[in-house]
Structures are given as C-alpha cells and as structure tokens.
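Taken together, the values in this text are just the output of simple stated rules run on the coordinates, not laboratory data. Fair warning: this is a prediction, and the values are worked out from it, not measured in the lab. Cβ placement follows ideal geometry from the backbone for every residue including glycine, while neighbour counts extend to all protein chains displayed.
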Ligand code: SF4
C-alpha cells in the first residue's frame with residue numbers, strides 16, 4: 001500500500017498518558033479477520049472507545065472533541081505485545097501520522113516505519129511535559145521536521161533532536177518501502193544462496 | 001578471532017549485505033505463516049505481480065481463529081472461515097506446504113514447527129507472530145514480524161534488520177518442587193518488567209536451564225517477547241540433539257554426524273561480553289501468577305499484590321487502571337480467591353509435557369464444580385499423544401474434557417472466550433485487557449498452578465499437592 005510521504009508536519013495532539021499500551025488494546029483480536037489493510041481505524045482502541053452497549057465512552061480521549069490532530073502522544077512502552085501490523089494500520093487509518101512516546105516496543109516500531117507512521121522517541125520528562133501542555137490547552141501544536149530530525153514543542157523555542165535510522169528516514173521522506181529495496185538486490189541474495197550452497 | 005556470542009555467530013552467517021548507516025539484509029532460513037497475518041502479504045505480491053521466491057522455505061498452518069470443537073464441520077464464523085480459505089488458496093497458488101485445518105499435522109505454528117523437525121539449530125526463523133521467539137529454544141535466531149515483513153520474506157527470503165543488543169540471563173541451581181519453566185520466565189519478566197528487555201536479544205544459560213527439556217525451554221523462549229526482547233535463545237546441547245534425532249527423518253548416519261558437528265559449535269565463546277548480564281538463583285523462584293494486565297505484573301501465588309506500581313515519585317495511574325480492570329486492590333492476597341475458568345493450552349503451554357504435568361496433579365482428584373475448563377492441545381500430534389499415553393483417561397476421570405488443537409482462548413478469536421468479569425487461570429502468555437474476550441480477567445500461571453486451581457476452584461499454590 002503506497003503511503004503518503006512525510007517530511008514536515010505541524011499539528012495539534014491527542015494525549016493518551018497510559019503506559020504499556022499493547023496492540024490488543026489498539027486493535028482487539030476479534031477485528032483481525034479482515035483480509036485487507038483498510039478500515040481498521042473504525043475499531044482503533046475499540047474497547048476503550050466504546051461501552052459494552054456500543055455507545056461512545058465519553059471519558060475516552062478520542063471521543064473528546066476538544067482533542068484532535070495527526071499526532072498521538074502515549075505513555076512508555078507503546079505497542080508492546082502482539083506483532084499485528086493491524087495496530088499500525090488502525091492508527092494510520094484513523095488519521096494519525098506520528099506517535100510520540102518515551103519508548104516503543106520493537107516490532108511496533110518496525111511496523112510503523114514500514115507503513116509511513118513516524119514513531120518519535122523523546123525523553124520521558126519531555127513527553128510528560130508535552131502531555132501536560134496539551135491537556136492544559138488542546139490548541140497547542142508541535143512542529144516536526146523529519147529531514148532535520150527536529151521537533152518543536154509548545155512553549156519552548158528550542159527544537160529537540162530525535163533519532164531515526166538514516167535509511168528509514170529516507171524511505172519515509174520518499175515514500176519508499178523495504179520491499180522495493182530488497183527486490184532491487186535480488187542478485188545479491190541469489191549470490192548469497194550460491195555461496196552458502198543453499199536453495 | 002574475536003569472541004562472539006551465539007546470537008552474533010548466527011546473525012553474521014546470515015548477513016547478506018549491510019546498508020551504510022542503515023539496517024542489514026538478513027537471510028531467513030525458515031518462514032512460518034498462519035491465516036491471520038498473511039492475507040495482506042499475499043495480496044501485496046499479487047499487486048506487484050510477483051511469486052513467492054523460495055516456497056519451500058515457508059510452512060503454513062491454520063491456528064489462530066479455528067474452532068476447537070467439531071473441526072470437521074465448516075467454520076461457523078464467516079470472516080474466520082474466509083480467512084482460512086484464503087490461506088488455502090494462497091498456499092495452493094504459491095506452492096506452499098500447508099498443514100491446514102483437519103490435516104493430521106495441524107496445530108499452533110510454534111508447536112508444529114519444532115515437533116515436525118522444521119526448526120533446527122543455527123537457523124534464522126521468522127513468522128508474523130510475536131511468539132516466534134519460541135523456536136530460539138533450539139539455538140536459532142527466531143523473532144516475530146509484521147505483515148509488511150511477511151511480504152518481504154515471501155518475495156525475497158530476506159528482511160532488513162538492525163542488530164539488537166545482547167543480554168544473557170543465567171539461571172543457576174535447583175528448582176523447588178512445584179516450580180516449572182513457566183515460573184522461571186514469569187519470575188524473570190516480573191523482575192525486568194514488560195519493557196525491560198526491549199532492544200535486546202536474550203540468551204538463557206546456566207545449570208537450571210541446561211537441565212530443562214526442550215518443551216520447558218520452549219516455554220521460556222516463548223515468553224521472551226513479554227519483556228520486550230526481540231527474541232530469546234538457548235545453546236543447543238545433547239537434549240536438543242536427542243529431541244531432533246527422533247524428528248528429522250531421511251538422514252543417513254553420516255549426514256546426521258555432519259549436522260551434529262556443525263550444531264555443536266553453536267555456543268557463545270568463553271569470556272565473550274554481552275551488553276547486559278543477569279544472574280538468577282533457581283531456588284529463589286516460587287510458583288508465579290499475574291495480578292495485572294501485562295505479564296510483568298506477577299507475584300508468587302502465595303504473595304500479595306504490591307502497594308504501588310514501583311516508582312514512588314510517579315503517579316500510579318496505569319497501575320491502578322490495571323488493578324481496577326482486574327477487580328483487585330493494592331496489597332490484596334490472591335491465594336484462596338475463587339476463579340471461574342481454567343485454560344490449559346497455547347504455544348506457551350500446549351505441549352505434551354504441559355498435559356503430563358496438568359494430569360499428574362489432577363489424577364485421582366475431581367474438577368471443582370465452579371470451574372469451566374478449556375484443555376486445548378497445541379497440535380494434532382499432542383492431542384494424539386495425550387490419548388496414547390493414557391492422559392485423556394486421567395483427565396476424563398477427573399471431570400475434564402479435551403478439545404481440539406488451536407490457539408483458542410489464548411487470544412479468543414474463535415468461540416473460546418472468557419466472559420466479561422470472569423477470572424481465568426490461564427497457561428497462555430498474555431493477560432492484556434480483553435485478550436481472552438472483552439472484559440475477561442486473566443491470571444497467567446503454569447500448568448501445575450492451573451491444575452491446582454481447577455481442582456480447588458480457587459487460586460492455589462500447587463506445591464501443596466506435590467510430595
Ligand atoms: S497460542 Fe496464542 S500466543 Fe501462541 S500463536 Fe496462538 S495466539 Fe499467538
């Protein structure tokens with residue numbers, strides 16, 4: 001699925017200050033029976049977002065009209081648990097393009113990078129400050145420049161540097177995918193098999 | 001030559017190519033797929049108009065959403081049925097070996113891979129499933145991947161990966177009675193927390209690990225992901241080789257000997273440095289149980305829930321949210337509390353040894369009347385063996401039924417759901433909110449602890465029943 005290229009982005013944020021949010025919460029297993037990648041946004045955070053009778057849970061942040069935007073801010077160890085890429089598809093399909101946390105589970109991070117969803121890791125105190133700032137005023141914005149690996153937080157003139165692998169950064173900016181890369185080096189792969197005597 | 005860890009030896013021998021300032025291209029020896037995380041990957045190949053590159057290196061099974069009763073009938077749930085049909089169609093089209101529903105070798109992907117001899121020491125193994133770490137028990141680099149990566153492996157037999165850091169966890173000494181490998185890994189996760197090994201690949205070592213059977217080692221490696229580790233592995237030894245000898249057919253003595261020579265080199269060099277090293281005394285470990293909604297929230301079965309989530313200077317919102325979901329309070333004692341369900345199964349504890357342990361404890365006793373039990377073998381072969389070894393009779397006499405193999409209540413994609421608000425002592429690997437059904441409350445534990453709960457109807461320390 002070709003993803004939008006991403007480089008510069010300025011947006012309001014949605015704060016979700018819960019730690020260890022696992023992919024079962026992001027998209028529960030019972031919604032994994034689909035055979036396409038589309039439409040998962042509807043069930044993003046399903047069991048937190050809706051009550052048992054199907055009505056919206058008013059206290060959940062996605063149902064609070066004051067908060068919106070393309071940036072989700074979450075507590076540490078975001079995306080732990082199951083490897084389901086459906087979690088990333090759901091977040092993306094809902095409209096988020098960036099997730100900020102103090103740390104991400106590995107598989108989730110890889111899946112995000114493979115799907116045009118930018119995971120930004122910031123020190124925990126900065127994440128907590130940002131959450132506070134957004135909670136105080138949902139209108140505040142973050143400014144992200146992927147090329148320069150910089151993020152400007154509200155109320156601070158200083159831009160913070162974030163880490164991202166250069167190869168992955170180029171992929172995101174240009175809308176490339178690992179699979180394009182691998183298909184292009186197929187000769188090297190065949191060479192490797194021959195050298196090792198495997199087929 | 002520079003001393004290397006086992007992980008590094010396997011990684012380096014599979015590195016096809018390194019991208020400057022980027023990840024490495026890693027060759028994958030064995031790929032496992034199942035119905036839930038593969039359809040979009042095949043669709044990707046179709047959209048590009050390409051074929052599977054090395055179909056013989058992929059093995060498929062249907063396990064996640066299949067029913068565990070009346071498997072010979074059509075799957076009732078329409079979307080699940082379509083997904084399983086899609087897998088069959090894709091495998092046929094791409095000439096992939098499929099042990100699908102009703103096949104005599106069907107079962108949970110991480111149970112059948114090893115038991116059929118596909119998983120072998122020194123391999124790189126991936127699957128669109130986080131518990132692929134299970135296969136590390138054979139001295140492999142095995143890890144879970146997302147669907148885009150499944151597509152990459154189908155298309156090129158390779159992945160782009162950044163080398164993780166290495167950690168060694170040494171468990172030395174003897175285990176107390178009633179303590180199993182499940183308790184070892186739950187103890188480790190509780191110590192490290194559910195994100196404590198993120199970014200690492202873990203090697204388990206030490207005298208307590210060396211004494212474990214392959215089944216028990218798989219339980220440990222299986223749950224590596226629950227502390228965030230990319231994977232976990234154990235150096236192969238004579239226990240590994242004996243297990244494989246029975247499962248790898250068609251090898252002449254000479255071929256076997258040459259395999260063995262290679263496999264025997266698969267260990268970390270003496271004196272090699274890991275990025276992190278941890279030491280644990282086996283005798284410190286007691287039967288464990290979880291009280292919260294991530295696998296790191298575990299205590300001994302006889303212990304009390306902690307008063308806070310750990311860091312005192314921090315708000316404990318996540319901790320309290322979790323306890324609230326479980327219907328517990330800080331400081332509560334768990335032992336003696338009534339439970340409603342017991343689940344024996346999953347890729348963590350659905351192997352023959354787990355059924356032997358469960359049966360050994362319920363033998364001559366009766367299932368408590370308040371308990372609904374789901375006993376789900378990890379594969380057809382396990383199911384058969386349960387019958388052949390006479391375990392089924394023991395279970396039946398004690399009032400238990402055996403279901404057919406599958407993931408079942410581990411993730412409740414099929415009908416095997418725990419109702420909202422009910423407590424389940426479960427031998428699976430995740431106690432996340434809603435994992436076993438919306439509102440279900442999961443208490444992870446070993447097969448012995450599950451058996452003790454099944455006969456008393458309450459959370460019970462299994463060592464009470466063991467002489
Ligand atoms: S048994 Fe559970 S953890 Fe294992 S593969 Fe199936 S769903 Fe995943």
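Is the C-alpha gyration tensor of chain B telling us rounded, prolate or oblate? Criteria: a/c under 1.5 is rounded; beyond that, a/b larger than b/c is prolate, otherwise oblate.
It comes out rounded by the Cα gyration axes.
Which whole number gives the average count of other chain Cβ atoms within 10 Å of the Cβ atoms across peptide B:37-46?
For this peptide, the per-residue mean of nearby foreign Cβ atoms is 3.
Calculate how many DSSP beta bridges within chain A are antiparallel, expressed in % of all such bridges and rounded to the nearest 5.
Around 50 percent of the beta bridges assigned by DSSP in chain A are antiparallel ones.
Arranged by the count of other C-beta atoms within 10 angstrom, fewest first, what order do A:108, A:40 take?
A:40, A:108
Grab the Cα-Cα distance for residue B:387 and residue B:255, subtract it from 0.36 nm times how many residues apart they are, and report the gain in nm with one decimal.
44.1 nm
Between A:99, A:14, A:142, find the one with the highest GNM mean-square fluctuation for chain A; connect C-alpha pairs within less than 10 Å.
Sorting by GNM fluctuation, first place goes to A:142.
Identify which of A:41, A:175, A:79 has the largest mean-square fluctuation in a Gaussian network model of chain A, with springs joining Cα atoms closer than 10 Å.
Top of the fluctuation ranking is A:175.
Can you grab the distance from the C-alpha centre of region A:38-62 to the C-alpha centre of region B:407-451, Å, no decimals?
Result: 22 Å between the Cα centres.
Taking each residue of A:101-109 in turn, how many C-beta atoms of other protein chains fall within 10 Å of its C-beta, and what is the average?
Taking the mean over all residues of the peptide, I get 5.
What does the C-alpha gyration tensor say about the overall shape of region B:288-465? Classify as rounded when a/c is under 1.5, otherwise prolate if a/b is larger than b/c, or oblate.
Verdict is prolate for region B:288-465.
For region B:235-280 and region B:1-51, what is the centre-to-centre distance using only Cα atoms, to the nearest Å?
That distance is 22 Å.
How long are the three semi-axes of the equivalent ellipsoid of the protein assembly as shown, in whole Å, if each is the root of 5 times an eigenvalue of the C-alpha gyration tensor, listed from largest down?
Gyration-tensor ellipsoid for the protein assembly as shown: 35, 31, 25 Å.
Ranked highest first by average number of other Cβ atoms within 10 Å, how do B:142-153, B:166-177, B:248-259 line up?
In descending order of packing, they fall as B:142-153, B:166-177, B:248-259.
Summarise the partner chain shielding of A:179-188 as one whole number: the mean count of Cβ atoms from other chains within 10 Å of each residue's Cβ.
6
How many nm is it between the label spots at residue B:316 and residue A:5, if each spot is 7 Å from the Cα in line with the beta carbon?
5.1
Can you give me the angle between helix A:124-136 and the longest principal axis of chain A, using Cα atoms only, in degrees from 0 to 90, rounded to the nearest 10?
With both axes taken from Cα atoms, the answer is about 40 degrees.
Classify region A:8-196 as rounded, prolate or oblate from the Cα gyration tensor: take a ≥ b ≥ c as the square roots of its eigenvalues, call it rounded if a/c is under 1.5, otherwise prolate when a/b beats b/c and oblate if not.
It comes out oblate by the Cα gyration axes.
With springs only between Cα atoms under 10 Å apart, run a GNM on chain A and tell me which of A:92, A:160, A:181 wobbles the most.
Of the options given, A:181 has the highest mean-square fluctuation.
Taking the Cα atoms only, what angle lies between the long axis of helix A:186-196 and the longest principal axis of chain A, rounded to 10 degrees?
Long axis of A:186-196 versus the principal axis of chain A: about 60 degrees.
Can you show me the helix-derived [θ] at 222 nm for the protein assembly as shown, built from DSSP H runs with n ≥ 4 at -39,500 (n - 2.57) apiece and divided by the number of residues, rounded to the nearest 500.
Theoretical 222 nm ellipticity from helices: -9000 deg cm²/dmol.
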